[in-house]
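Visitor: Here it is: the structure, laid out below.
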Amino acid sequence: MRELIDASPYTVAFTGAGVSAESGIPTFRGDEGIWRDYPPALYGNLPGLALAFLFRPRRLAGLASGVLASLLQAQPNPCHRALAMLEGEGRLRAVITQNIDGLHQAAGSRLVLELHGNAFRLRCAGCGKRTEVERERAFGVLESLRESGTRRRLLKALREYAAPCASCGGRTRPDVVFFGEGLPPGEFNRALEEASRCRLMLVLGTSAVVYPAALIPQAALEGGAKVVVIDPSRTVLSSRAHLHIPAAAGRFFALWLGRESAPGQYSADG
Ligand code: OAD
């Protein structure tokens, strides 16, 4: 893997929920995934969420508080840190992520293309302005969500989170992409550009089944790039990848970082 990175003139990473699993944020699919208990047909899109708000407010509050708590507690793990380090050394051009947790930026990555938005950002429906959600306010919202058994309380918590736009007073919403919504075009087009330009793509912790994001590794393959998958499970990309490393990304990069800081200490090369 180190040889592949060193030999590549242009490397980008494409990441999914699996890279944040070791930071305590659940993935979506599989036995431990969010969608097992909260089917995406209801909880993954806005019309479904509106129905859940009307008919299952307690359950919706449980999902929202669980997700928000894990996002607030999470810290970058060695995978996030290794990608930031590689970028700092000029060995990685960009991270293209489907994650909304901001952990790549927290680890120090600078060029992060967030295809599905960011949970700590709001977007104004009126003027389009994007604003950060301060952690302190998010912790307050978490408290309110934990007390939300009724629609009225849940609405109060949601209003606390999506405060009116500071510029125009318009209505805001979380700047994340739900199923059925378009991806931010600027980010997606830039991601496609990076994918077709790269010679090596690290595909980390994603089932790569959600479109259009899943077009990104496909664009890399079609452009002739080598693809390395790091994922404990086989994915739809494993058979087309140059290499599949069946490992947890955080654990893999913890060993890798150890070797980078103390070369020669480990005999096997990752
Ligand atoms: P998934 O839950 O579909 O896939 C997570 C992948 O991470 C699986 O392949 C796991 O095997 C793998 N995995 C689990 N633990 C890991 C670890 N420690 N290290 C490395 N890999 C690990 O999550 P995504 O592919 O990110 O979109 O899902 C894509 C999109 O589907 C999400 O952005 C979200 C979701 O629905 C929307 O909601 C629009």
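The values are calculated or read from the model by the stated rules, or taken from the named source; none is laboratory data. In this text, all values refer to a predicted model and were calculated from it rather than measured experimentally. Please note: Cβ atoms are built from the backbone with ideal geometry, for glycine as well, and neighbour counts cover all protein chains shown. With ligands, DNA and RNA removed, areas are computed over all heavy atoms of the protein, side chains included. Shrake-Rupley method; radii C 1.70, N 1.55, O 1.52, S 1.80 Å.
Visitor: With a 1.4 Å probe and all protein chains left in place, how much of the accessible area of region 48-114 comes from carbon and sulfur atoms, in whole percent? Provide the component values of the computation, followed by the final result.
Guide: Numbers: 1490 of 2650 Å².
Answer for region 48-114 is 56 percent, counting heavy atoms of protein chains only.
Visitor: Can you tell me the 0 to 90 degree angle between the C-alpha axis of helix 78-88 and the longest principal axis of the chain, rounded to 10?
Guide: Approximately 70 degrees, to the nearest ten.
Visitor: Related question: Just to check I understand the Karplus step: with θ = phi - 60° and J = 6.51 cos²θ - 1.76 cosθ + 1.60, what whole-Hz values come out for region 65-70, glycine and proline as x?
Guide: Karplus-based 3J(HN,Hα) across region 65-70 equals 6, x, 5, 5, 4, 5 Hz.
Visitor: Let me ask something else. Once you list every other residue whose beta carbon is under 11 Å from the beta carbon of residue 171, what net charge do they have if Lys and Arg are +1 and Asp and Glu are -1? Show your work: numbers first, answer last.
Guide: Numbers: positive: 123, 159, 173; negative: none.
Residues near residue 171 contribute +3 overall.
Visitor: Another question about this same structure. Taking amide H positions as placed in the peptide plane 1.01 Å from N, state which residues far from residue 27 in sequence (5 or more) or on other chains have amide H under 5 Å from it.
Guide: Amide H neighbours of residue 27: 34.
Visitor: Now, a different point. Per residue, how many Å² of accessible area does region 179-249 show with a 1.4 Å probe? Could you put the intermediate results ahead of the total?
Guide: Details: 3150 Å² over 71 residues.
Averaged over the residues of region 179-249, the accessible area is 44 Å².
Visitor: To continue, here is another question. Keeping every protein chain present and rolling a 1.4 Å probe, give me the accessible area per residue for region 126-178 in Å². It would help to have the intermediate numbers written out before the result.
Guide: Details: 3430 Å² over 53 residues.
Result: 65 Å² per residue.
Visitor: Could you state the orientation-averaged shadow area of the convex hull built on the Cα atoms of region 1-160, in nm² to one decimal? Walk me through the intermediate numbers first.
Guide: Details: hull surface 43.0 nm².
The number I arrive at for region 1-160 is 10.8 nm².
Visitor: Please compute the per residue accessible area over region 39-81 with all protein chains in place, 1.4 Å probe, rounded to a whole number of Å². Mind showing how you got there, number by number?
Guide: Working: 2030 Å² over 43 residues.
On a per-residue basis, 47 Å².
Visitor: Among 211, 161, 38, determine the one that fluctuates most according to a GNM of the chain built with springs between C-alpha atoms less than 10 Å apart.
Guide: Top of the fluctuation ranking is 211.
Visitor: Need one number: % antiparallel among DSSP beta bridges in the chain, to the nearest 5.
Guide: Numbers: 8 of 28 bridges.
Restricted to the chain, the bridges split so that about 30 percent are antiparallel.
Visitor: Now a separate question. What list of ³J(HN,Hα) couplings, whole Hz, do you get for region 47-59 from phi and the Karplus terms 6.51, -1.76, 1.60, once you set θ to phi - 60° and write x for glycine and proline?
Guide: Taking θ as phi minus 60°, the curve returns x, x, 5, 5, 5, 4, 4, 6, 10, 9, x, 5, 5 Hz for region 47-59.
Visitor: For a quick check: with amide H placed at 1.01 Å from N, whose amide H comes under 5 Å from residue 113's, ignoring anything fewer than 5 positions away on the same chain?
Guide: The list, which skips near neighbours in sequence, is 95, 96, 97.
Visitor: Now, a different point. With everything on Cα atoms, drop me the angle between helix 135-146 and the longest principal axis of the chain, reported from 0 to 90° to the nearest 10.
Guide: 60 degrees
Visitor: Working from Cα positions, state the angle (0 to 90°, nearest 10) between the long axis of helix 151-161 and the longest principal axis of the chain.
Guide: For helix 151-161, the angle is close to 50 degrees.
Visitor: Suppose we look only past 30 Å in the calculated P(r) of the chain. What percent of the Cα-Cα pairs does that tail hold?
Guide: 31 percent
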